[in-house]
Amino acid sequence: MNAERTTPAVVLAHGGTALRPLPLRRLRQGEVLLRVRAAGLCGTDLFKLRHHDGAATVLGHEVVGEVIETAGRCRFERGDLVVAAHHVACGVCALCRGGSETQCDGFRENLLDPGGFCTHTILARRAVDHAAYLLDDALDPLAAVFLEPTACVLRALERGGLEHGILSLEPPAPDSVRVVVQGAGSMGLLHLLVIRALGLHAEIVIAEPDPARRRLAERLGADRTVWPPPTGLDADVVFDTVGGGAALRQAIELARRGGTVVLFAHADDDSDAALPFNRLFRSEQRIVASYSGSAREQGLAFQLLSSGALDPRTLVTHELPLDAFDIGVEHCRAGRALKVVFRPHYEAAPARPMALPATA
């Protein structure tokens, strides 16, 4: 590969973004060069846009791409369409052996160079070997781009105590549980879709202030939508996809005695929460955090997507070219979009019906 070859990319630096050409380094043994076909914008990207340190970087980690070049022996060939996660744990350290794979030092390395908001990206060997999956004709790239966020949801379900059958796809446990999901953004609704796709026996309540999003949640399978959340919900598990101290305090109020609150969202760096210490102590409630998704959750996520059991495409409200990046970000911040997917090689955004109705 020509080391001088450039790729237009959305570069984040000094408080703004710009579409710039970047040099691509030469491929190393076992790596592949991808022509990016779809890249999803997620809450982590939005968080980093608000809190970046000024260093130039390319965001984007939910990527589907076409293999256009390989270096050395590789299980993929030119022309293959693949979806890949950008983090892979080492698998041998004490954290990995103890089930904390997403806390592994190796896991923190970004295996996309540059990030996904570009026309081409290099997938590192560890990701090629352990976190990349071949798409067949039946799996739409718009669905496959949800591989990484689906893995994150699967890990949250497990850490929330809904592990029966999740990691092995065994029949679900017979006892129904009450689940409250705070927030009907793309990740909150993805929790809903994944629980339904797994066939778990759960009553799902969505707590969301926006009436249009509540209606959408009901269409997608929520048993109830509420706002404000009433007292006495007594949820077995509450998934906080909103973030921040107010949401955490509300989640504690929604959980039953002995229930679990799962932190699933970023909060502002200076965010804090005054917790009801005695309530937590006397009620034996648990607060657990869930960060990202490990290789096993990535594998199950691909199973759910490729089998058709999970089809998250209804969450994609906008498909945009890279030069409309700032527009996509603003749509998300203003609540006009659920999921924005950038299609770098489109000159114009394809027509797509809006999944999110206008707020009444």
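Here are the numbers for this structure:
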read-out	value
Relative contact order of the chain, pairs being alpha-carbon contacts under 8 Å that are 6 or more residues apart, as %	17
ILE252 accessible area, assembled protein chains, probe 1.4 Å, Å²	0
Charge dipole (debye, nearest 20) of segment 1-119; +1 at Cβ of Lys and Arg, -1 at Cβ of Asp and Glu	160
Relative packing of 30-40, 120-130, which averages over residues the other C-beta atoms within 10 Å, highest first	30-40, 120-130
Cα-based equivalent ellipsoid of segment 19-173: semi-axis lengths in Å, sorted from largest, via gyration tensor	26, 20, 17
Ellipticity estimate at 222 nm from DSSP helix runs (n ≥ 4, -39,500 (n - 2.57)) divided over the chain, nearest 500	-7500 deg cm²/dmol
Dipole in debye (nearest 20) - segment 254-302, about Cα centre, beta carbon charges: Lys, Arg +1; Asp, Glu -1	500
Option label - Rg and Dmax of the Cα atoms in Å computed here, alternatives (1) 22.3, 77; (2) 28.6, 93; (3) 20.3, 65	(3)
Carbon and sulfur %, accessible surface of the chain computed with the full protein complex present, 1.4 Å	48
Net charge, ASP80 excluded, C-beta distance under 13 Å - Lys, Arg +1, Asp, Glu -1	-1
Per-residue SASA entry for GLU109, accessible area with 1.4 Å probe, Å² rounded to 10	90
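The values are calculated or read from the model by the stated rules, or taken from the named source; none is laboratory data. These numbers were taken from a predicted model, which means no experiment stands behind them. A quick note on method: Cβ atoms are made from the backbone with ideal geometry, for glycine too, and the neighbour counts reach across all protein chains shown. Keep in mind that these areas ignore ligands, DNA and RNA; they rest on the heavy atoms of the full protein, side chains included. Shrake-Rupley method; radii C 1.70, N 1.55, O 1.52, S 1.80 Å.
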